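Please read the structure below before turning to the comments.
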Amino acid sequence: MIQKARRSNRGPATTMLVLLAALVLIAVICAMAGTPGSASAGKPSPTPTPTGTATPPPTPTFPQPTKAWTVMVYLDGDNNLEDYVVKDIETELSALGSNASVNVVALADRGPGYDTSRGDWQTTKLYYCQQGMLADAPSAVADWGERNMGDKQTLIDFVSWTKANCPASRYMIAFWDHGYMWFPQYWNTLDDTSADSLDDDEQVTAMATVGGVSVVAWDQCQRQMIEIAANWQPYAQAMAGSEQYTNWEGIQYDAVIAALRATPTMTAQQTSDKIASTALGDSLQYSSLALDTRFATLKTAVNDLAIALTNALPTQKANITTAWRNTQKYTDATEKDLYDAAYQIKAKVTDATVDAKCDAVMAAVTADVTFNWTNGSTSVSRAHGVAIWWPSTAQQLKYYAPDHLAYYRTTLAFGIQTQWDEFLVTFCQ
């Protein structure tokens, strides 16, 4: 945050020096805050931590009566995003908070070194968010001690407690933290204290245990991918997130909660669309996907395209490589927009079967993406709402350790259910 200068009795020369120093400081701060891929990139509002006090809301009783919606936020700030934990709880989750139709529940973890507000608590706390609630230790429903947010058991315990104590007709869960595609043991929901991340296979294992949700949302970078959607298809009806990195703002929970309070009958898809539509502050792109039969059609279309591409490789390798080069990419060069991939392949490959399969993929993406927004930047100008992993070399195929290709082929539902991985292996030879 840049604060306004105070009035001063200094003379003109001193004032000029102060202003020049302030401008240098502002430039440094802006450069640090705006760097994609930096430690600060990928999370919510840069509003100041509230420092005042509030009249405590009434002590909640559990279990709550069954309501229309329960909003769950898995808020992992045990890393360099700690500074935004208190801010998001107080200025967004508790701006309106729970009411007779909507429960708002957050599991929040902090770590040492980035923020000392609200008593500098650092353990994992469970909050039932109510209007005006402070994100301090006394306001927590429970203190779970130091929990590993990268452990599926923590997610299981959170969702299980919430469903038992805050029952609803529909549930939404948002994951708040760093994100980086589907890569395991990397940046996805990273807990520094435990040196662990919540990988995609752990997420679906947890969901299989607790029974799934209506909507899953990613307040994280680069998570709106077909591979991640395929993992969640059995456990959610809709998915909101970004193909690209997200900056400070991310999902605006106060706007989502306001919409659910105003219209508790909102469907899962309407809610997912609303979630994506709130993240327009300083994001580059956000979208919403259906995880119903439309997604099944999309998955089949990509599988059919993979088979056609593999068959065409002996004569069309150069053209497919040119299409790869032309396709909309994101922070990682192997993350490609799926619609644009099909568009570019059709434009370059001279094979009737491939062309037809590209048409089917584009039609399926158009049907499955129910909301898509970009900020107009050329870096996302051809983003259509869902990405796919498409490396082009053997080095990219196995760049990350441990063996990400093996994880993709044997653990991710998309790799198991389609022949896209077979195409990748042949293409990258």
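Note down all Cβ pairs under 7 Å where the first residue falls in segment 248-273 and is closer than 14 Å to Trp176 by Cβ, the second is among the basic types (Lys, Arg) and crowded, with 18+ Cβ neighbours inside 10 Å, and they're at least six residues apart or on different chains.
Trp248/Lys43; Gly250/Lys43; Val256/Lys274
Here's the yes/no breakdown for (1) in contact with a Pro (Cβ under 9 Å, 6 or more places away or on another chain); (2) surrounded by 19 or more Cβ atoms within 10 Å (Cβ to Cβ); (3) assigned to a loop (DSSP other than H, G, I, E, B); (4) charged (D, E, K, R):
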residue: Ser160; (1), (2), (3), (4): no, no, no, no
residue: Lys163; (1), (2), (3), (4): no, no, no, yes
residue: Gln203; (1), (2), (3), (4): no, yes, no, no
residue: Ala206; (1), (2), (3), (4): no, yes, no, no
residue: Thr209; (1), (2), (3), (4): no, no, no, no
residue: Val213; (1), (2), (3), (4): no, yes, yes, no
residue: Val216; (1), (2), (3), (4): no, yes, no, no
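Starting from residues that are of a type outside the set (S, T, N, Q) and surrounded by 18 or more Cβ atoms within 10 Å (Cβ to Cβ), keep the ones in segment 260-274 and report whichever is farthest from the chain's Cα centre (by Cα).
Arg261
Would you mind finding the one in Gly241, Gly281 that is buried (at least 22 other Cβ atoms within 10 Å of the Cβ), touching a residue at least 24 places away in the same chain (Cβ under 8 Å) and of a type outside the set (Val, Ile, Thr)?
Gly241
Which condition breaks for Gly111 when tested against (1) modelled with pLDDT of 95 or more; (2) farther than 17 Å from Thr209 by Cβ; (3) surrounded by 15 or more Cβ atoms within 10 Å (Cβ to Cβ)?
Here Gly111 meets the rest and fails (1).
Out of the residues in segment 172-201 that are over 18 Å from Arg147 (Cβ atoms) and in a loop (DSSP other than H, G, I, E, B), state the one that is nearest to the chain's Cα centre (by Cα).
Step by step, filter segment 172-201, then rank; the result is Gly179.
Do any residues in segment 120-136 that are on the phi > 0 side of the Ramachandran plot have Cβ atoms under 9 Å from those of residues that are crowded, with 19+ Cβ neighbours inside 10 Å and not in a loop (DSSP other than H, G, I, E, B), where the two are at least six apart or on different chains, and which pairs are they?
What qualifies is Asp120/Arg110; Gly132/Glu90; Gly132/Gly97.
Within segment 45-59, identify whether any single residue is within 19 Å of the chain's Cα centre (by Cα), at pLDDT below 95 and either exposed (fewer than 15 other Cβ atoms within 10 Å of the Cβ) or not assigned by TED's automatic domain parsing to the domain that holds Gln222 (or both), and answer yes or no.
Among the residues of segment 45-59, at least one is within 19 Å of the chain's Cα centre (by Cα), at pLDDT below 95 and either exposed (fewer than 15 other Cβ atoms within 10 Å of the Cβ) or not assigned by TED's automatic domain parsing to the domain that holds Gln222 (or both), which makes the answer yes.
The values are calculated or read from the model by the stated rules, or taken from the named source; none is laboratory data. This is a predicted model, so every value here is computed, not measured. All Cβ positions, even for glycine, are placed from backbone atoms using ideal geometry, and neighbour counts span all protein chains on display.
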